[in-house]
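Here the structure is laid out as structure tokens; the discussion comes afterwards.
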Amino acid sequence: MSKLKSGLIQMSLKASTGDTPEQIRDAMLAAHLPLIDKAGAEGVQILCFQEVFTQPYFCPSQDAKWYAAAEAIPGGYTVSLMQEYAKKHNMVIIVPIYEEEMTGVYYNTAAVIDADGSYLGKYRKTHLPQVAGFWEKFFFKPGASDWPVFHTAYGTIGVYICYDRHFPEGWRALALRGAEIIYNPSATVAGLSQYLWELEQPASAAANGVFIAAINRVGTEAPWNIGEFYGSSYFVNPRGQIEAQASGDQDELLIHEMDMDMVRQVRDTWQFFRDRRPETYDPLVELN
């Protein structure tokens, strides 16, 4: 049996000595580091954090001060620090942060670091909401990452970020490129999305014969009033069954061991990839 132990960290926004992006980053990192060390001590092989994990979810505002939260990938402070921790614990780490590509060009990005501390690459969020409370196009440029998968020390993984999860095309593209587990770091609040939270990813896992790891933050974040982040991070298997789930309101490291042989078992039973008819799908991308 091929076992893979993975961890997800869900976290509330931490108070800091100030309210600048740098101070908040430092406070959030200080809160994460003990859990990263705990994950390493418990043998976690792949660890992922929530969307833009070093900052609040600042998109209810349209305040340009948050541009200062963006960092280089690779070479920025947070990714460099996580490379040290990945090497320290021989652990793959997925690092979702606000990325500055160049002055004035910013992305919602996840860097992927291998177990030896080497930088493997990044995925930039493809689909961006632009509605009240979620003014993401003010802060981020839509990514066009060409659906990268990452061949890590422990397996082939993909990343799909928050709002992306509503679009089935990306899950399929990542699976077709070889991903066997896809991580979906998110920032999502109670309301309609809470019902969808345990509907869409399980359906996508079953449709594509993959494990999915869904991560959400917890708590409320002042001064914005968009609702409560409900945590409930989880692992779902290729049959669409949730195997392990975190609480709805606590900072938490969720650790779960997956049987990766299930990917082959499910795909051999449900031959969705064999029975696809891509030659008939052109209208799907031509229709507006």
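The values are calculated or read from the model by the stated rules, or taken from the named source; none is laboratory data. Fair warning: this is a prediction, and the values are worked out from it, not measured in the lab. We place every Cβ from the backbone using ideal geometry, glycine too, and count neighbours over all the protein chains shown.
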Worksheet item: Checking Ala153 against (1) surrounded by 16 or more Cβ atoms within 10 Å (Cβ to Cβ); (2) farther than 20 Å from Trp171 by Cα, which single condition isn't satisfied?
Response: (1)
Discussion item. If I go through the range 37-93 residue by residue, how many of them are closer than 22 Å to Gly7 by Cβ and part of a strand (DSSP E or B)?
Written reply: 5
Worksheet entry | Neighbours by Cβ (under 7 Å, 6+ apart or cross-chain): first from the range 58-70, under 13 Å from Asn108 (Cβ atoms) and at pLDDT 95 or above; second buried (at least 18 other Cβ atoms within 10 Å of the Cβ) and among the acidic types (Asp, Glu) | Cys59/Glu136; Ala70/Glu99; Ala70/Glu100
Worksheet entry | Selection count, the range 163-212, where residues are of a type in the set (D, E, K, R) and in contact with a helix residue (DSSP H, G or I) (Cβ under 8 Å, 6 or more places away or on another chain) | 5
Practice prompt. Could you tell me which residue of the range 249-288 is farthest from Lys38 (Cα to Cα), considering only residues that are part of a strand (DSSP E or B) and not aliphatic (A, V, I, L, M)?
Written response: Asp259
Item to complete: Please enumerate the residues belonging to the range 94-103 that are among the hydroxyl-bearing types (Ser, Thr, Tyr) and not in a loop (DSSP other than H, G, I, E, B).
Response: Tyr98
Worksheet item: How do the pairs read when you match residues in the range 162-178 that are aliphatic (A, V, I, L, M) with residues anywhere that are not in a helix (DSSP H, G or I), using Cβ under 6 Å and keeping only pairs 6 or more apart or on different chains?
Response: Ala173/Trp147; Leu174/Trp147; Leu174/Gly158; Leu174/Ile182; Ala175/Val210
Fill in: Residues satisfying the stated conditions in the range 104-128, i.e. of a type in the set (Gly, Ala, Ser), part of a loop (DSSP other than H, G, I, E, B) and under 17 Å from Ile46 (Cβ atoms)
Ala115, Gly117, Ser118
Fill in: Only one of Asp268, Asp251, Asp275, Asp282 that is acidic (Asp, Glu), buried (at least 18 other Cβ atoms within 10 Å of the Cβ) and either at pLDDT 95 or above or under 23 Å from Leu176 (Cα atoms) (or both)
Asp251
Worksheet item: If we scan the range 208-219, do we find a residue that is under 30 Å from Thr103 (Cβ atoms), touching a strand residue (DSSP E or B) at 6+ places or on another chain (Cβ under 7 Å), surrounded by 21 or more Cβ atoms within 10 Å (Cβ to Cβ) and of a type in the set (Phe, Trp, Tyr)?
Response: no
Discussion item. For the structure I just gave you, tell me whether Gly18 is exposed (fewer than 13 other Cβ atoms within 10 Å of the Cβ), at pLDDT below 95 and not aliphatic (A, V, I, L, M).
Written reply: yes
Practice prompt. Check Ala132, Ala173, Ala153 and return the single one that is farther than 15 Å from Val105 by Cα and touching a Phe, Trp or Tyr at 6+ places or on another chain (Cβ under 6 Å).
Written response: Ala173
Item to complete: Given the conditions (1) modelled with pLDDT of 95 or more; (2) more than 14 Å from the chain's Cα centre (by Cα), report the number of the one that Ala222 does not fulfil.
Response: (1)
Response to the item:
Per the list (1) in contact with a Cys (Cβ under 7 Å, 6 or more places away or on another chain); (2) surrounded by fewer than 19 Cβ atoms within 10 Å (Cβ to Cβ), residue check on Asp63 breaks on (1)
Response to the item:
Taking the range 231-248 and keeping only residues that are farther than 23 Å from Ile36 by Cβ and buried (at least 20 other Cβ atoms within 10 Å of the Cβ), one is left with Val236, Asn237, Pro238
Fill in: Complete set of residues in the range 148-161 that are outside any strand (DSSP E or B) and within 13 Å of the chain's Cα centre (by Cα)
Tyr160, Ile161
Worksheet item: Is there any pair with a first residue in the range 197-209 that is aromatic (Phe, Trp, Tyr) and a second that is modelled with pLDDT under 95 whose Cβ atoms are under 8 Å apart and which are 6 or more apart or on different chains, and what are they?
Response: none
Worksheet item: So, in the range 162-200, of the ones that are part of a helix (DSSP H, G or I) and touching a Gly at 6+ places or on another chain (Cβ under 6 Å), which residue ends up surrounded by the fewest Cβ atoms within 10 Å (Cβ to Cβ)?
Response: Asp164
